[in-house]
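Report on the structure given below.
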Amino acid sequence: MHRTARAALLSALFVTTASAGFAQTWVRIFEDDFSSASGWTFAGVQNGGNDLIFVDGANQRVDASWDQSNLFTPGFPPSDIVPSSLSRPLGQTLTDADTFRFGATLWITPGSIPLTTEYHQIPPFGLYNLAEMGPDRTLADWTFPAAYKAGSDFVEFNYFPGNTSFGNASVSPVVGTHTDGTGWQDQYWFNFNPDSELAAGDFLPTGVPLFIEVLWRSDERRAYLGVYTDSDRTTLLSINGVSMADITPAVPAGEFFTLTDFAFFNYVGANFGGENTVGQGWFDDAYVDVLTSQIPEPSSLLLVVLGVGLARMAGGRRRT
């Protein structure tokens with residue numbers, strides 16, 4: 001059994017907050033078991049008459065199809081870059097000054113992802129500011145100035161299933177800080193050499209539930225990812241000795257993001273000559289927790305001491 005990254009992180013967080021005289025508390029601000037589609041909004045394209053990503057109320061899950069080419073039209077600039085998303089508002093705005101974690105259960109359908117040399121991510125999900133999010137998340141528009149805005153204001157999970165010149169299959173958290181620009185004027189923070197990179201021919205398992213969690217630490221200004229084998233998220237998945245965990249570089253001071261929605265995405269992008277990255281699967285049990293610091297409630301002994309002290313002060317004032 002592996003000592004989990006999450007346990008180590010929570011221990012460090014406890015030391016940070018407790019040493020300052022405060023108690024830490026994880027507060028759940030968002031959760032959904034997908035028994036209903038209420039509150040969820042789809043934007044994007046369809047596949048065979050169905051939305052690429054939709055709430056399957058009968059099975060209480062989110063069904064998803066991922067397709068690198070649907071909808072991307074090559075050109076200079078591309079005539080279309082249309083990502084697809086299923087989203088629901090968080091109910092409050094989170095920023096890089098908050099410490100938070102989010103997760104969901106992922107199931108990848110066996111045989112749905114082909115062997116490919118494409119460097120493309122599936123199945124992205126996480127926290128976003130959809131009002132700021134540009135359509136060109138994969139930086140497929142190479143014209144200058146670019147016609148499409150890049151991704152902006154997000155923290156998400158990614159799985160790169162291809163064996164490419166960039167490396168083998170891996171999982172990674174990605175942070176996108178705010179940008180007003182287009183195309184290559186992006187601000188993405190992720191590990192170019194992820195600790196989770198697998199050996200050639202190894203991939204995430206399919207046909208089993210994968211329990212994913214991403215943690216953003218505001219004190220370190222970096223995101224941590226763990227893929228776990230259990231719903232309590234206590235045991236990291238290991239594939240031939242490689243733990244499915246990764247950490248982003250620290251985001252520089254001055255960079256920032258705001259997050260307003262939980263969303264599942266399908267990104268589209270340029271093809272570099274391999275078979276398109278596609279896949280199918282489903283999600284379940286999405287959640288978001290925020291770490292809050294609170295002054296501990298005084299103990300009974302402390303209340304007695306305070307009461308005696310106040311009584312003495314009152315008695316002293318009466319004698320003067």
Practice item. Ratio to report: Rg/Rh of the stretch 5-319, with Cα atoms as the point set and Rh obtained by the Kirkwood method; give two decimals. Key: 1.08
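Mind sorting Y267, Y224 by how few other Cβ atoms lie within 10 Å of their own Cβ, fewest first? Write out the running numbers ahead of the final one.
On the way: Y267 25, Y224 20.
Lowest to highest Cβ neighbour count: Y224, Y267.
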**Study point:** Percent breakdown of C-alpha pair distances by 10 Å bin, ordered from the shortest bin, for the stretch 127-219
**Key:** 15, 38, 34, 12, 0
Revision key, fill the gap. A correct Stokes-Einstein calculation for the stretch 28-147, using the alpha-carbon Kirkwood radius, 20 °C and 1.002 mPa s, returns a whole-number D in µm² s⁻¹ of 129
Revision key, fill the gap. Scalar couplings 3J(HN,Hα) for the stretch 95-112 by Karplus 6.51 cos²θ - 1.76 cosθ + 1.60 (θ = phi - 60°), nearest whole Hz, x for Gly and Pro, are 9, 5, 7, 8, 9, 8, 9, 9, x, 6, 8, 10, 10, 9, 5, x, x, 8
**Study point:** Inter-label distance for T164 and L130, nm, one decimal - labels placed 7 Å from Cα along Cα-to-Cβ
**Key:** 2.7
Practice item. Go through the stretch 31-45 residue by residue and turn each phi into a ³J(HN,Hα) via Karplus (6.51, -1.76, 1.60, θ = phi - 60°); whole Hz please, and just put x for glycine and proline. Key: 7, 7, 9, 6, 6, 8, 8, 4, x, 9, 10, 9, 9, x, 10
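Fewest to most neighbouring Cβ within 10 Å: what's the order for M133, M244?
Values: M133 22, M244 25.
With the sparsest Cβ surroundings first, the list reads M133, M244.
Arranged from highest to lowest average of other beta-carbon atoms within 10 Å per residue, in what order do the peptides 102-111, 250-259 appear? Could the numbers behind the result be given before it?
Working: 102-111: 19.5, 250-259: 15.6.
Going by the mean number of other Cβ atoms within 10 Å, highest first, we get 102-111, 250-259.
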Revision key, fill the gap. In whole angstrom, the spacing between the Cα centers of the stretch 66-136 and the stretch 147-208 equals 10
Review point. Peptides 205-218, 27-40, 115-128: what's the order by average Cβ count within 10 Å, highest mean first?
Key: 115-128, 205-218, 27-40
Review point. What ranking of V82, V268, V278 emerges when the number of other C-beta atoms within 10 Å of each C-beta is taken as an exposure proxy, fewest first?
Key: V82, V278, V268
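Throughout, read-outs are computed from the coordinates displayed, never taken from laboratory work. Just so it is clear, the structure is predicted and the values come from calculations on it, not from any experiment. Neighbour counts run over all protein chains shown; Cβ positions are idealised from the backbone, glycine included.
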